[in-house]
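Only one structure is covered here, and it is reproduced in the block below.
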Amino acid sequence: MNPLKTRRVQWLLWLSALGFLVALALFPGSYGITRLATLTLTVVIWFGLIALVWQRRPLRFLLLGSTVLLTAFLALPARRVPPAEVLRGDNVAGLQRYNSVTYYWGGESSRGVDCSGLVRRGLIDALFRRGVRTFDAGLVRRAISLWWHDCSAKALGEQYRGLTVRLFDTPSLNALDHSKILPGDLGVTSDGVHIMAYIGDRRWIEADPGVGRVITVTAPSTDNPWFDGPMKVVRWSILR
């Protein structure tokens with residue numbers, strides 16, 4: 001094949017891969033296959049670009065240098081974990097960024113989120129942003145690990161992978177003594193079908209499938225059925 005045509009085909013393939021990655025980024029759902037595809041496409045696109053611009057020395061060195069720097073950063077030892085109250089504040093801020101986002105089963109983005117996706121995304125964002133701001137590779141790795149290891153509301157209620165610790169059970173959030181919990185704590189229904197996060201001042205944030213979006217509800221609530229049933233209260237291990 002003509003070298004010019006070969007080059008053109010290579011660029012078309014690279015652009016196609018980039019288009020697929022953009023489509024994945026716009027898709028609200030987060031499943032095992034989408035996370036694997038996102039990771040694979042990111043690696044293919046990055047190293048494919050390096051191969052395509054290899055003859056251009058400045059670009060080659062820029063991309064290779066960026067790769068080395070990013071790899072070196074992620075390999076750095078974890079720094080001292082910030083105080084729990086700092087991370088709790090970051091977590092609450094992360095959760096509130098999703099207020100009014102549309103409910104989407106399996107979603108974990110600002111284009112659509114479900115109940116477990118909301119509480120996970122709030123902590124993922126908090127860890128990632130804090131890690132980048134403080135140059136703490138350990139927090140960034142925790143954020144990546146939490147993103148990669150998806151889990152349901154039920155799994156979080158059952159202390160999946162040690163991510164959460166169980167505090168106590170309560171007959172309902174309406175009956176809960178809120179002085180016993182802290183911002184960032186999670187309420188999981190006893191059957192594990194729904195989860196919400198406490199953000200302080202008796203307020204809870206949830207991706208409510210009935211309402212169809214992320215809402216904040218103040219306890220006690222007489223018109224929200226999730227506040228009437230038995231709940232497990234758990235806490236993120238990193239927020240202890």
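Values in this text are rule-based calculations from the coordinates and carry no lab data. Since we're looking at a predicted model, the values are computed, not measured. Here Cβ is always computed from backbone atoms with ideal geometry, including for glycine, and neighbour counts include all displayed protein chains.
Structure data summary
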item	result
For the chain, built as a Gaussian network whose Cα springs stay under 10 Å, the top-fluctuating residue of Leu21, Leu12, Leu64	Leu12
Relative contact order %, region 3-75, counting alpha carbon pairs below 8 Å whose residues are six or more apart	29 percent
FRET efficiency, Trp46 to Phe135 (Cβ-Cβ, R0 22 Å, nearest 0.05)	0.50
Ranked Thr189, Thr67, criterion: other C-beta atoms within 10 Å, fewest first	Thr67, Thr189
Sorted by Cβ density within 10 Å, fewest first, the residues Lys232, Lys180	Lys180, Lys232
Overall Cα dimensions of region 8-125 - principal axes, largest extent first, Å	49, 36, 21
Estimated D of region 155-240 in µm² per second, where Rh is the Kirkwood radius over Cα pairs and Stokes-Einstein applies at 25 °C, 0.890 mPa s	192 µm²/s
Measure of compaction for the chain (Cα Rg per 2.2 N^0.38 Å)	1.20
Extension gain (nm, one decimal) between Gln10 and Gln96, 0.36 nm per residue minus Cα-Cα	26.7 nm
Around Ala155: net Lys/Arg minus Asp/Glu count, Cβ-Cβ under 14 Å	+1
Calculated from backbone phi, Karplus (6.51, -1.76, 1.60) coupling profile of region 225-237 in Hz, x at Gly/Pro	x, 5, 8, 9, x, x, 9, 9, 9, 10, 10, 4, 4
Estimated Rh, region 107-172: Kirkwood, alpha-carbon pairs, angstrom	12.8 Å
MRE, 222 nm, helices only [DSSP H, n ≥ 4, -39500 (n - 2.57), over the chain, to nearest 500]	-15500 deg cm²/dmol
Principal axes of region 3-75: Cα extent on each, largest first, Å	38, 37, 15
